[in-house]
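Peer 1: Dropping a structure here in structure tokens format, bear with me for questions.
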There are 2 protein chains.
Amino acid sequence: MVVDGALPTTTSPGGQVTSANSLTAEDLGSAAQRDRRKRILDATIVLATKGGFDAVQMRSVAEQADVALGTLYRYFPSKIHLLVSALGREFERAEGQLRDKPVDGDTTAERVIILLKRLTRGLQGDPHLTEALTRAFMFADASVQQEIHAVGMLLTRMLTRAMHPDRDSVTDEDVAIARVIGDVWLSALVAWVTGRATAAETAQQMEVAVSLLLRG
Amino acid sequence: MVVDGALPTTTSPGGQVTSANSLTAEDLGSAAQRDRRKRILDATIVLATKGGFDAVQMRSVAEQADVALGTLYRYFPSKIHLLVSALGREFERAEGQLRDKPVDGDTTAERVIILLKRLTRGLQGDPHLTEALTRAFMFADASVQQEIHAVGMLLTRMLTRAMHPDRDSVTDEDVAIARVIGDVWLSALVAWVTGRATAAETAQQMEVAVSLLLRG
DNA sequence: GGCACAATAGGAACGCGTTCCACCTCGTCC
DNA sequence: GGACGAGGTGGAACGCGTTCCTATTGTGCC
């Protein structure tokens with residue numbers, strides 16, 4: 001689902017040549033710049049929550065974040081980069097919460113189901129936000145590789161951790177299974193956000209996939 | 001992945017109120033109208049093959065198909081509808097070929113792998129076309145339900161038929177497995193068309209998923 | 001043939017993502 | 001403190017999807 005390749009480089013705020021815009025706040029220039037970046041992502045989330053993908057208009061984001069349009073584009077080279085970066089921040093938050101309060105359940109399958117339900121519920125509570133972020137994710141091209149990769153890693157890590165709470169003994173097969181589950185989750189999510197499936201159907205589809213993959 | 005719900009209705013060429021534009025050529029008015037529709041889809045495929053999603057510009061499609069812009073929108077209410085309809089036609093073609101020359105292979109898993117490889121090879125031979133069609137598919141919202149549903153059904157049918165060449169004995173679990181495989185295929189395809197995975201990685205991901213789902 | 005009306009042509013206009021440009025501001029170095 | 005350069009502002013402009021409007025053409029009905 002997520003693989004590295006040649007990384008395009010660009011100049012991002014701070015001046016140095018870095019590999020695209022990183023999700024993590026590392027090495028991101030001055031406090032003022034970190035603050036602008038945060039304001040932009042906050043505005044993005046607010047607008048996406050209110051009206052979904054279409055409501056995240058670059059002019060509106062710039063206005064709400066109190067930066068000029070050109071500045072917005074300096075921080076995030078496209079609407080897709082912006083939304084995927086926002087998605088990354090949300091996933092980091094989710095993973096943090098998960099670390100504080102891991103899923104419990106007796107079997108591997110049960111824990112994975114619980115994790116997915118928790119994630120999905122969190123998303124379905126904010127349908128517009130989810131729609132915006134999911135669409136951006138699926139529309140992203142190679143120039144957004146790095147941000148996509150980060151999100152994919154987080155998802156896989158959350159899944160393998162639910163499979164093996166004891167952190168050890170994560171085999172290659174476990175990772176492969178986690179990726180397959182992640183793929184199915186994404187497809188189901190796309191069907192849900194685009195109005196082709198109900199929340200219940202999405203949940204059921206996940207259960208089916210997990211039970212098929214983790215039986216035995 | 002694909003579920004029915006309330007079907008929006010609209011007036012399509014021919015005058016009657018039908019449920020959106022159907023993929024099949026059934027009930028589609030006069031010969032002139034069927035011809036226009038064909039010309040439009042042909043133009044779409046040509047442009048998509050040449051330059052991908054971005055190259056399929058509504059003005060260009062209209063010009064190449066020798067219809068006015070307004071007419072194009074009368075036949076296909078959006079670029080997404082247009083591309084998903086084109087995808088549907090390609091899938092119908094693929095299923096026809098498959099009917100003439102079914103996959104052979106000794107085990108269920110083997111046949112499914114072969115089918116997926118054949119499908120994928122067909123697509124990867126036309127990277128731009130595949131990019132255009134896949135992106136449209138992932139970006140489609142509820143208004144494209146019917147076309148999406150048709151494509152999903154075709155894919156599932158091809159998969160279950162590969163699993164059970166003898167046509168009978170297709171269980172609910174088989175269908176569920178086919179859907180999961182379809183979802184993984186889509187996710188892998190998206191990763192490939194957006195330049196985040198190589199063709200080889202995509203193929204390997206498919207093999208992993210199939211072996212996980214069809215083991216035993 | 002003539003009428004009524006749906007379908008098409010042709011093209012202007014609008015919205016939003018994106019690019020570009022002229023000018024301003026602020027920290028840094030001499 | 002003055003020059004300089006990166007980063008920021010404000011806004012015009014461009015491209016393409018989409019909508020809309022006014023002829024003009026085709027088509028079924030009498």
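The values are calculated or read from the model by the stated rules, or taken from the named source; none is laboratory data. Here the structure is a predicted model, which is why all the values come from computation and not from measurement. So basically every Cβ, Gly included, is an ideal-geometry build from the backbone, and we count neighbours across all protein chains shown. Only protein heavy atoms, including side chains, enter the accessible area calculation; ligands, DNA and RNA are left aside. Shrake-Rupley method; radii C 1.70, N 1.55, O 1.52, S 1.80 Å.
Peer 1: Looking at the structure I just gave you, is A:Gly29 modelled with pLDDT of 95 or more, open to solvent by less than 60 Å² (accessible area, probe 1.4 Å), within 12 Å of DNA strand D (Cβ to nearest atom) and farther than 26 Å from B:Asp183 by Cβ? Even if it seems obvious, please write down each step before you answer.
Peer 2: On the way: modelled with pLDDT of 95 or more: no; open to solvent by less than 60 Å² (accessible area, probe 1.4 Å): yes; within 12 Å of DNA strand D (Cβ to nearest atom): yes; farther than 26 Å from B:Asp183 by Cβ: yes.
So A:Gly29 fails the test.
Peer 1: Oh, and also: Output the residues belonging to the range B:176-216 that are within 7 Å of another protein chain (Cβ to nearest Cβ) and on the phi > 0 side of the Ramachandran plot.
Peer 2: Matches in the range B:176-216: B:Gly195 only.
Peer 1: Residues to consider are B:Leu69, B:Leu82, B:Leu98, B:Leu87; find the one that is surrounded by 16 or more Cβ atoms within 10 Å (Cβ to Cβ) and within 11 Å of DNA strand D (Cβ to nearest atom). Break it down stepwise before answering.
Peer 2: Values: B:Leu69 fails: surrounded by 16 or more Cβ atoms within 10 Å (Cβ to Cβ); B:Leu98 fails: within 11 Å of DNA strand D (Cβ to nearest atom); B:Leu87 fails: within 11 Å of DNA strand D (Cβ to nearest atom).
So the residue among B:Leu69, B:Leu82, B:Leu98, B:Leu87 that is surrounded by 16 or more Cβ atoms within 10 Å (Cβ to Cβ) and within 11 Å of DNA strand D (Cβ to nearest atom) is B:Leu82.
Peer 1: Something else: Would you be able to tell me the number of residues in the range A:174-209 that are hydroxyl-bearing (Ser, Thr, Tyr), closer than 13 Å to B:Ala140 by Cα and either open to solvent by 10 Å² or more (accessible area, probe 1.4 Å) or not in a helix (DSSP H, G or I) (or both)? Before the answer, list the steps.
Peer 2: Step one: filter the range A:174-209 for residues hydroxyl-bearing (Ser, Thr, Tyr), giving A:187, A:194, A:198, A:202.
Those still in the list that are closer than 13 Å to B:Ala140 by Cα too: A:187, A:194.
With either open to solvent by 10 Å² or more (accessible area, probe 1.4 Å) or not in a helix (DSSP H, G or I) (or both) added as a condition, the list becomes A:194.
Of the residues in the range A:174-209, 1 are hydroxyl-bearing (Ser, Thr, Tyr), closer than 13 Å to B:Ala140 by Cα and either open to solvent by 10 Å² or more (accessible area, probe 1.4 Å) or not in a helix (DSSP H, G or I) (or both).
Peer 1: Now a separate question. Among B:Val56, B:Val46, which is the only one that is open to solvent by 50 Å² or more (accessible area, probe 1.4 Å), within 19 Å of the chain's Cα centre (by Cα) and aliphatic (A, V, I, L, M)?
Peer 2: Working: B:Val56 fails: open to solvent by 50 Å² or more (accessible area, probe 1.4 Å).
Checking each option against the conditions leaves just B:Val46.
Peer 1: Exactly one condition in (1) more than 12 Å from DNA strand C (Cβ to nearest atom); (2) within 23 Å of A:Leu154 (Cα to Cα) is not met by A:Arg36; state its number.
Peer 2: Condition not satisfied by A:Arg36: (2).
Peer 1: Sticking with this structure for a sec: Could you look through the range B:136-158, keep only residues that are in contact with a Leu (Cβ under 8 Å, 6 or more places away or on another chain) and within 20 Å of A:Gly182 (Cα to Cα), and pick out the one that is farthest from the other protein chains (Cβ to nearest Cβ)? Give the steps one after another, and end with the answer.
Peer 2: The first filter runs over the range B:136-158 and keeps only residues in contact with a Leu (Cβ under 8 Å, 6 or more places away or on another chain), leaving B:136-138, B:145-147, B:150-151, B:158.
Next, only the ones that are within 20 Å of A:Gly182 (Cα to Cα) stay: B:137-138.
Details: B:Phe137: 9, B:Met138: 4 Å.
Among residues in the range B:136-158 that are in contact with a Leu (Cβ under 8 Å, 6 or more places away or on another chain) and within 20 Å of A:Gly182 (Cα to Cα), the one farthest from the other protein chains (Cβ to nearest Cβ) is B:Phe137.
Peer 1: On the basis of being at the interface with chain B (Cβ under 10 Å from one of its Cβ atoms) and of a type in the set (Lys, Arg), does A:Arg161 make the cut?
Peer 2: Working: at the interface with chain B (Cβ under 10 Å from one of its Cβ atoms): no; of a type in the set (Lys, Arg): yes.
When the stated conditions are applied, A:Arg161 does not pass them.
Peer 1: Can you name every residue in the range B:101-143 that is buried (at least 16 other Cβ atoms within 10 Å of the Cβ) and β-branched (Val, Ile, Thr)?
Peer 2: Once the filter is applied, which keeps residues that are buried (at least 16 other Cβ atoms within 10 Å of the Cβ) and β-branched (Val, Ile, Thr), the range B:101-143 yields B:Val103, B:Thr108, B:Val112, B:Ile113, B:Thr120, B:Thr130, B:Thr134.
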